[in-house]
1. Suppose the filter is of a type in the set (Phe, Trp, Tyr) and either assigned to a loop (DSSP other than H, G, I, E, B) or surrounded by fewer than 16 Cβ atoms within 10 Å (Cβ to Cβ) (or both); does TRP68 pass it?
2. Within the set of pairs 6+ apart or on separate chains, which have a first residue in the stretch 121-135 that is under 12 Å from LEU200 (Cα atoms), a second that is among the small types (Gly, Ala, Ser) and near the ligand (Cβ under 10 Å from one of its atoms), and C-beta atoms under 8 Å apart?
3. Is it the case, given these coordinates, that THR315 is away from the ligand (no atom under 14 Å from the Cβ) and not hydrophobic (A, V, I, L, M, F, W, C)?
4. If we keep just the residues of the stretch 248-296 that are among the basic types (Lys, Arg) and surrounded by fewer than 24 Cβ atoms within 10 Å (Cβ to Cβ), which is nearest to GLU236 (Cα to Cα)?
5. Return the residue satisfying two criteria in turn: it lies in the stretch 120-165 and is part of a helix (DSSP H, G or I) and within 9 Å of the ligand (Cβ to nearest atom), and of such residues it is most open to solvent (accessible area, probe 1.4 Å).
6. Considering only residues of the stretch 245-255 that are within 15 Å of the ligand (Cβ to nearest atom) and touching a Gly at 6+ places or on another chain (Cβ under 8 Å), which is farthest from PRO402 (Cα to Cα)?
7. Mind checking which residues of the stretch 75-106 are part of a loop (DSSP other than H, G, I, E, B) and without any contact (Cβ under 8 Å) to a residue 60 or more places away in the chain?
8. Within the stretch 406-424, how many residues are under 26 Å from the mean Cα position of the chain (by Cα) and among the aliphatic types (A, V, I, L, M)?
Amino acid sequence: MKTRAPARSRRAVTPLWEEAVRVLVGGVNSPVRGFRHVGGEPILARSARGATLTSTAGRTYVDFIMGWGALLWGHQPPAIQRALRAAGQRLVLAGLTHPAEIELARLITQALPAIEQVRFTVSGTEACMTAIRLARAVTNRPRLLVFAGSYHGHSDVLLAGQTAGIPAALAQHVIPVPYNDLAAAQRAVDQHGKELAAILLEPVAANTGVIPPAPGFLPGLRALATRSGALLIFDEVVTGFRLALGGAQAHFGVTADLTVFGKIIGGGLPIGAVGGPRTLMQRLAPLGDVYHGGTFAGHPLSMAAGVAALRPLFTAPPYARLERRTAQLVAALAAAARSAGVPVQINRAGSMFTVFFSPRPVQQARDAQESRREQFARWAQALYAQGILVPPSPFEALFVSPAHTESQLRQFAAAAARAFQDVRPA
Ligand SMILES: *Cc1c(COP(=O)(O)O)cnc(C)c1O
């Protein structure tokens, strides 16, 4: 009788993951959760509190994914838990305007004075989609200037040319140029200015891994937009309420015409929002001719969690402390990489950062793509083995929250030092 050779390359698969891949496509509902960049079986989440996450395998991790940036305060902060319990008992869904959405909109307009009105959506994807629809209606122009490697959700126009299933014709409306390349943006505006509805960007790129704007880049785009009659749209889904109370706009002193929010403003629940001056926002239905709506838009639970997440930012802002702690952590990581002889670039903006395994500065998506992914994968695995949860992709940001204790940050630095030793070139 023939015995089967042991499948040495195949790792032990847990029954839960086996079930996941049977009934969910690739075992996930969003591709990055498949851990394809780092290999191995994905970590599945069972519960979390503060900065600690417990997997279904019963292992605990210090979490630096933090809901991909949505969890500014960490997991299950008591104020948000209380707000959710109360809201759930009061009203789960009416399909009518309710007080919490008025309050969340008021908080956003208070934090960003250029925003007079807000429209809530269920996701950042929808908010970006609605913002560009609005920009196209206001300008009566079709095209969008965007930046290579940026992510603005999974709507057709904003993924044109990047996935199957989108008519090629849509791509002609989207003009991508390299991030931080003001001259390329200038050339695109010179060429297409009369047709440009908007310049759309993440004011700090987060979805290529963190790439801060070069000095002059944001003001330069502001000037280009104004001169060409296009709207400047900041996608602050990640940076909003993270870099400062007023988001990247306050941090860098550049004001967008329309601003898109998501993630943090929902306190861990699904949300998105578009904000801007009344003159622009009034083009949205029911006042104007640009349609947007949604059964779950302004959902009472998301609004309640959002209010609980944002309110304390006005009275006890965590930003100075987050800045200090993250800077300290990043300095420790950089020193550890140096002493292991592993060339890295650590890009940081406030409490978000990315470790790129590259000897050269990372200033645009192509630089990030050229980083050593295999080295990142081994580094990440070495961290998982030591109870540190970093994003399973070299092109994502790590997030520090007020819930991370000094000792958890030291734990990360020590684990990272060992992990750098593991991945140093022989
Ligand atoms: C996450 C993200 C989005 C999309 O938000 P979803 O709620 O996932 O649809 C859009 N823009 C940026 C910059 C994001 O990081």
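The values are calculated or read from the model by the stated rules, or taken from the named source; none is laboratory data. Only a predicted model underlies this, so the values are computations on that prediction, with no experimental measurement involved. For neighbour counting, all protein chains shown are included, and Cβ atoms are generated from backbone atoms with ideal geometry for every residue, glycine included. Heavy atoms of the whole protein, side chains included, go into the accessibility calculation; ligands, DNA and RNA do not. Shrake-Rupley method; radii C 1.70, N 1.55, O 1.52, S 1.80 Å.
1. Taking the combined requirement at face value, the residue does not satisfy it.
2. Hits for this filter: CYS128/GLY153; CYS128/SER155; CYS128/GLY272; MET129/GLY153; MET129/SER155.
3. When the stated conditions are applied, THR315 passes them.
4. ARG278
5. Checking each candidate, the answer is GLU126.
6. Per the stated criteria, the residue is ALA248.
7. GLN76, LEU96
8. Result for the stretch 406-424: 5.
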